[in-house]
Amino acid sequence: MEEITCNKKYQEHTLIRVLGITALLILILIGVAGAAPFAYVSSLGVDTGTVFVIDTATDNVTALVPVGGWPAGVTVNPAGTKVYVATGFDPTVSIIDTATNKVSDTVNTGGSYPWGVAVNPTGTRVYVTNRYSIADNDSNSISVIDTATNSVAATINMGISTVNVAVTPDGKKIYAANSRNNTTSVIDAVTNKVTATVPVGDHPTDVAVSPDGNKVYITNTGSNDVSVIDTVTNKVTATVSVEDGPGDIAITPDGTKIYVADWQSNNVSVIDTVTNKVTATVPVGKQPMGIAVTPDGKKVYVTNAKSGNVSVIDTATNKVTATVNAGKYTINYPTKVAIRPLTDSDMTDQSVRATPSSTEDMGVEETNLSSSEKINDIKLNNSNNNSYNDTNNSEPENGNSSGENESSKNNSIPGFGLLGSLTCLYGGWKFRKK
């Protein structure tokens, strides 16, 4: 009888262990599915250029990375391990390691005034535009960086003022917006040769490729419209009028909507890709420049250069739900923004990976401006404390509210949901035993 009882207890114990492990695995997977990526904002500082890191789950700044120069274009590789930043007046690209949020390498592009930057789908090549320079006519080119060696593997001579670039999802073609001759160049990624030139609107500025690779969208700052290019024929099939001064452009992951930063009218135009019509206009900060969509398509981040902050748009409502800066220090002159994709490595604690290893006290507060509430004091790795504006922009623009409650804050903390769920699981088992 005693043996039967022992066997029964052993079976119950084994079952409990199996259920516990299963629950743990399920909760970990749920945590990964709910994890949020980071947004990287390039910004011109008073003394040096920086990249601000924003946790898109909380819309708080978690780190800043000094990169020097005049940072402009920024992109994240598909693995989410590296951020590439074109540093403007310095003829270089800074490479940030996302695990440490520190510059791990710097690549000299060999050109003048690097501005636009894009990475191919495999993460093996980074394309950097070297804008036209009166002092050096040969600088008007695109540098191709080999990410394995962090060196320039090829240079594509453009002969015109190329501003921004984008790579097709299959990695076979590069589209480059040429601002001074109102064209878009099509480049073969294998041969690094221009294979076609497409006339577009006045002063083309930015370029984005649809997720299916069938369409390319070009913002034309001078003519206040967006050109739609068919990638099969390399011809413009539609032109969409937007607000004044369209600059950067971003497409939702499902390809249904396009967001355009209209920097002269201080808003964002929302375009339906099926009808090629503007369906909404969203007021943001002053002089919106950079724009990016989160991988889940739920949020859009817009850098407001003159306001020194970042607007967060909810794509379901097309309303600004938060305005972010670095606490009492403004983000100075934010230019571009790129968002880190979700990866398998997000099973680790994101907040630990986002915080620099150094704990030098900068006195920067994590603040969600939409609530005007001091959230947390964080220690950031930056020795240039005196280079930041002491202006406290604690009031949100347009009176928007983040709507963030305590529950959402708690759920955004890695491990909180997991611990709570395990506690409930154990309590339920104990109750059944009684």
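Electrostatic tally near Gly171: other residues with Cβ closer than 13 Å to its Cβ, Lys and Arg +1, Asp and Glu -1, net +1.
Starting with the highest mean, order 189-201, 158-170, 107-119 by the number of other Cβ atoms within 10 Å, averaged over the residues of each peptide. Before the final figure, lay out each step's value.
Details: 189-201: 15.5, 158-170: 20.5, 107-119: 22.6.
Packing proxy ranking, top to bottom: 107-119, 158-170, 189-201.
Accessible area of Ser104 (1.4 Å probe, protein heavy atoms only, ligands and nucleic acids ignored): about 70 Å². Working from label points 7 Å from Cα in the Cα-to-Cβ sense, the Asp296 to Thr317 distance is 1.6 nm.
Mind checking the full-extension length gain between Asp272 and Asp97? Use 0.36 nm per residue of separation minus the Cα-Cα distance, one decimal, nm.
Numbers: separation 175, 0.36 × 175 = 63.00 nm, distance 3.57 nm.
Result for the pair: 59.4 nm of gain on full extension.
For the stretch 62-123, a/c is not less than 1.5, where a ≥ b ≥ c are the root eigenvalues of the C-alpha gyration tensor, and a/b does not top b/c. That puts it in the oblate class. Length gained on full extension, Thr149 to Gln264: 37.4 nm, using 0.36 nm per residue less the C-alpha separation.
Here the scattering of the stretch 38-344 is modelled by Debye summation over its C-alpha atoms, one equal scatterer each and no solvent; at q = 0.11, 0.14 Å⁻¹ the log10 of I(q)/I(0) is -0.57, -0.98. A 1.4 Å probe, protein heavy atoms only, puts the accessible area of Lys235 near 130 Å². Taken along the Cα-to-beta-carbon direction at a fixed 7 Å, the label points for Arg180 and Thr256 span 4.3 nm. Cα gyration tensor of the stretch 115-259, axes a ≥ b ≥ c as square roots of the eigenvalues: rounded (a/c below 1.5), prolate (a/b > b/c) or oblate? Oblate shape, in that a/c is at least 1.5 and b/c is the bigger or equal ratio. Each Lys and Arg contributes +1 and each Asp and Glu -1, all at the Cβ; summed about the Cα centre of the stretch 38-344, the dipole is approximately 100 debye.
The values are calculated or read from the model by the stated rules, or taken from the named source; none is laboratory data. As the structure is a computational prediction, the values presented were derived from the model and not from experiment. With ideal geometry, Cβ positions are generated from the backbone for all residues, glycine too; neighbour counts draw on all protein chains shown. These accessible areas exclude ligands, DNA and RNA; they are computed on the full protein's heavy atoms, side chains included. Shrake-Rupley method; radii C 1.70, N 1.55, O 1.52, S 1.80 Å.
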